[in-house]
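Colleague: My structure is below; once you've seen it, I'll send some questions.
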Amino acid sequence: MKLFLLLAIFSVFAIGCNCNKNKFEDFLYVSSTSGLLKLWNIEKQLMFEVRGYADALEDKLETLKLHLKTLYHTSYPTVAAREKYVGNPLKAFKLLRRIYEDWIHLQKYTKLKSGKATLEAMKQLLEDKPTWLDMRETLRGISRIEQTYDLKPEDIAEGRLQDKQFNKKLSLRDSLAIATHKYEEGDYTRSAIWYRLAMNIEDEPNSNVYDEVIGKPASGLRRKFAMSCLMHVCQLTKYVIPLTHIKKLLAEVEAFLAKTSSIELENYIRKRLAQSVDQFVEEANQIKQPTSNHERGCRGQFIKKTNLKCRYNFTTHPFLRLAPFRMEEINHDPYIVMFHNMISDNEIEEMKSLAVEMYNGYSGSFTPNQTEKIEIVAHIHWLRDNTPFLLRLNQRISDMTGLDVREFPALQVGNFGLGGYFKPHYDFMYGTRVTKDTLDGLGDRIGSVIFYASDVPQGGQTTFPEIQISVQPQKGSSLFWYNIYDDGTPIKRTLHSVCPVIVGSRWTLTKWFHSDPQMFIKPCSPRKMI
């Protein structure tokens, strides 16, 4: 306990966090690609305005140069020559009048704000800038991708994500932001790695000009790196050291850093710590945190099942005898299937046009006594209006499943952003995520269907950790499963999650089936054991 209290104190002492922590009041751009596109448009407009401002400055500079040309006269190197010049009454008159009248106006001209309209436009655009919460969630998204897929910080910094190399590297400022975030989150091991990476990143082209405009990024970098390494070793060795010793050791570490390479720092700290305390606890370097099934599923480490089939479904609705659906078995118990070619590209665009206004989607419901952490996981929009699209999709869903959707026809559009994910959860009623109040008196959620409205090149899988199944989104397909047995017992093996999106845009259309409207279609009966 003392150790963690000490670590908490030094997290504030070393770097600190200046945050106004209001809870999820702002629209978060990072929570969806549609939100990030708004940022892209804002920056595009900002670039346009900056170019306009630069053009205005150039026009002003050109005006000043032209004015100087009108005043240009032959150099007069000697006093006699200059006396001859002012001895000419016309030249003397022009000289005096210019200084008395023209130069005053010229001075005022230099003080005029060039590109005033563009500056005002930039000010207006920046009123919609991301908040600190957006920045924090962006950094958490990067960290989530790094941890879930076990990516090396060096690879991320070099633009390598899994086995894909991208033509985009992280800058010094990018790496520093990630390092500082990890420090503030208490991940001292990785913060030290990211600080070390930042120290080794070469200056960007024209960095001196860049630094002059937005400030130097590396202020206190060595101290932050030293502090991360120090806290990292304290965690591993479980040392509890008085504050005075910590400060003294930090000063020694900074002096050590100035004389040698950063790679030797951790060994140096370990040696100094061993001299400072009586008891040594074996380091936990060799103990690696176990990989969760959620992470294994996201990394593609589940063994593919072989006792599954693809077939045509023509039993859930009479119409399907004429036009059956292509259906792929994903799992037998619990029952999970994938329907292919269920929503067209035109319908997907129609869906997006109906979901222009999207808002934060949460991982649970806010309740007075909640204990679990509520996160913003995506942007969502509920399609409730009785449009042809809603009628058409609901009829298709009913044909697919044989279930009644008339009591609750709404569909939920979802779009995930940078590192967007959903932690393992159930769709049936439990905890604060699905409560009686959220079920509109229609009974528990007996089944779920997800339409995949986009391909996701990397990440974004739907995983079922308990049964070790991972489903990669396929544009146009839909995934269906039951959450509750025929006797009303929840199927806990339907625990499922969404892997963090690495690259791409994950669009979904989701429907939940409630029990009460199905009482005559799917009556409660003893469970059929498979």
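The values are calculated or read from the model by the stated rules, or taken from the named source; none is laboratory data. Here the structure is a predicted model, which means the values were calculated and not measured. Virtual Cβ from ideal backbone geometry, glycine too; neighbours counted across all protein chains shown. Heads up: the accessible areas ignore ligands, DNA and RNA and are worked out on the full protein's heavy atoms, side chains in. Shrake-Rupley method; radii C 1.70, N 1.55, O 1.52, S 1.80 Å.
Colleague: Report, by residue number, each residue of region 152-170 that is open to solvent by 20 Å² or more (accessible area, probe 1.4 Å) and part of a loop (DSSP other than H, G, I, E, B).
Modeller: Within region 152-170, LYS152, GLU158, GLN162, ASP163, PHE166, ASN167, LYS168, LYS169, LEU170 meet the criteria.
Colleague: Look through SER344, SER363, SER353, SER398 and report the one residue that is of a type in the set (Gly, Ala, Ser) and more than 30 Å from LEU28 (Cα to Cα). Can you show your working first?
Modeller: Working: SER344 fails: more than 30 Å from LEU28 (Cα to Cα); SER363 fails: more than 30 Å from LEU28 (Cα to Cα); SER353 fails: more than 30 Å from LEU28 (Cα to Cα).
One residue alone meets the criteria, SER398.
Colleague: Sticking with this one: Could you check region 1-105 for helices (runs of 4 or more DSSP H) lying wholly inside it with 1 or more residues that are at pLDDT below 75 and not basic (Lys, Arg)? Working first, answer last.
Modeller: Numbers: elements: 2-14, 33-71, 79-87, 89-97.
Once the helices (runs of 4 or more DSSP H) in region 1-105 are filtered for at least 1 residues that are at pLDDT below 75 and not basic (Lys, Arg), what remains is 2-14, 33-71.
Colleague: Of the residues ALA121, ALA177, ALA198, ALA192, which single one is within 18 Å of LEU418 (Cα to Cα) and surrounded by 14 or more Cβ atoms within 10 Å (Cβ to Cβ)? So that I can check it myself, show each step before the final result.
Modeller: Working: ALA121 fails: within 18 Å of LEU418 (Cα to Cα); ALA198 fails: within 18 Å of LEU418 (Cα to Cα); ALA192 fails: within 18 Å of LEU418 (Cα to Cα).
When all the criteria are applied, what remains is ALA177.
Colleague: Is it the case that GLU202 is modelled with pLDDT of 75 or more and among the acidic types (Asp, Glu)?
Modeller: Answer is yes for this residue.
Colleague: Follow-up. For region 141-151, what are the residues that are open to solvent by less than 70 Å² (accessible area, probe 1.4 Å), part of a helix (DSSP H, G or I) and out of contact with any His (no Cβ under 9 Å at 6 or more places or on another chain)?
Modeller: First pass over region 141-151, keeping only residues open to solvent by less than 70 Å² (accessible area, probe 1.4 Å): 141-146, 148-149, 151.
Checking which are part of a helix (DSSP H, G or I) leaves us with 141-146, 148.
Across region 141-151, the qualifying residues are GLY141, ARG144, ILE145, GLU146.
Colleague: Next question, about the same structure. Does region 128-140 include one or more residues that are open to solvent by 70 Å² or more (accessible area, probe 1.4 Å), farther than 30 Å from PRO290 by Cα and not in a helix (DSSP H, G or I)? Give the derivation first.
Modeller: First, the residues of region 128-140 that are open to solvent by 70 Å² or more (accessible area, probe 1.4 Å): 128-129, 132, 135.
Remaining after also requiring farther than 30 Å from PRO290 by Cα: 128-129, 132.
Restricting the remaining residues to those that are not in a helix (DSSP H, G or I) gives 128-129.
Yes, that holds for at least one residue.
Colleague: Within region 311-326, take every residue that is in a helix (DSSP H, G or I) and in contact with a Phe, Trp or Tyr (Cβ under 8 Å, 6 or more places away or on another chain) and give me the one that is nearest to ASP399 (Cα to Cα). First the steps, then the outcome.
Modeller: We begin by selecting, within region 311-326, every residue in a helix (DSSP H, G or I); these are 318-321.
Filter once more, so that each one left must be in contact with a Phe, Trp or Tyr (Cβ under 8 Å, 6 or more places away or on another chain): 320-321.
Working: LEU320: 8, ARG321: 11 Å.
Among those that are in a helix (DSSP H, G or I) and in contact with a Phe, Trp or Tyr (Cβ under 8 Å, 6 or more places away or on another chain), it is LEU320.
Colleague: I need the strands (runs of 3 or more DSSP E) fully contained in region 327-431, keeping only those with at least 2 residues that are modelled with pLDDT of 90 or more, of a type in the set (A, V, I, L, M, F, W, C) and closer than 22 Å to LEU479 by Cα. Please lay out each step first, then the result.
Modeller: Details: elements: 336-339, 359-362, 376-383, 411-416, 422-425.
It comes to 336-339, 376-383, 411-416.
Colleague: Sticking with this one: Strands (runs of 3 or more DSSP E) wholly in region 436-496 with at least 1 residues that are among the aliphatic types (A, V, I, L, M) and open to solvent by less than 40 Å² (accessible area, probe 1.4 Å) - which ones?
Modeller: Working: elements: 445-452, 462-464, 469-471, 478-482.
Strands (runs of 3 or more DSSP E) meeting the threshold: 445-452, 469-471, 478-482.
Colleague: Does LEU112 satisfy the criteria of being open to solvent by 60 Å² or more (accessible area, probe 1.4 Å) and within 30 Å of HIS181 (Cβ to Cβ)? Explain how you work it out, then say what you get.
Modeller: Working: open to solvent by 60 Å² or more (accessible area, probe 1.4 Å): yes; within 30 Å of HIS181 (Cβ to Cβ): no.
Judged against the criteria, LEU112 is not a match.
Colleague: Counting only residues that are open to solvent by less than 70 Å² (accessible area, probe 1.4 Å) and under 27 Å from LEU61 (Cα atoms), which one in region 78-108 is farthest from the chain's Cα centre (by Cα)?
Modeller: Filtering region 78-108 for residues that are open to solvent by less than 70 Å² (accessible area, probe 1.4 Å) and under 27 Å from LEU61 (Cα atoms), the one farthest from the chain's Cα centre (by Cα) comes out as LEU95.
Colleague: Same structure again: Quick check, is MET342 in contact with a Cys (Cβ under 9 Å, 6 or more places away or on another chain), open to solvent by less than 30 Å² (accessible area, probe 1.4 Å) and in contact (Cβ under 8 Å) with a residue 12 or more places away in the chain? Show your work before the answer.
Modeller: On the way: in contact with a Cys (Cβ under 9 Å, 6 or more places away or on another chain): no; open to solvent by less than 30 Å² (accessible area, probe 1.4 Å): yes; in contact (Cβ under 8 Å) with a residue 12 or more places away in the chain: yes.
In short, no.
Colleague: What are the residues in region 187-206 that are under 26 Å from GLY459 (Cα atoms) and not in a helix (DSSP H, G or I), if any?
Modeller: ASP187
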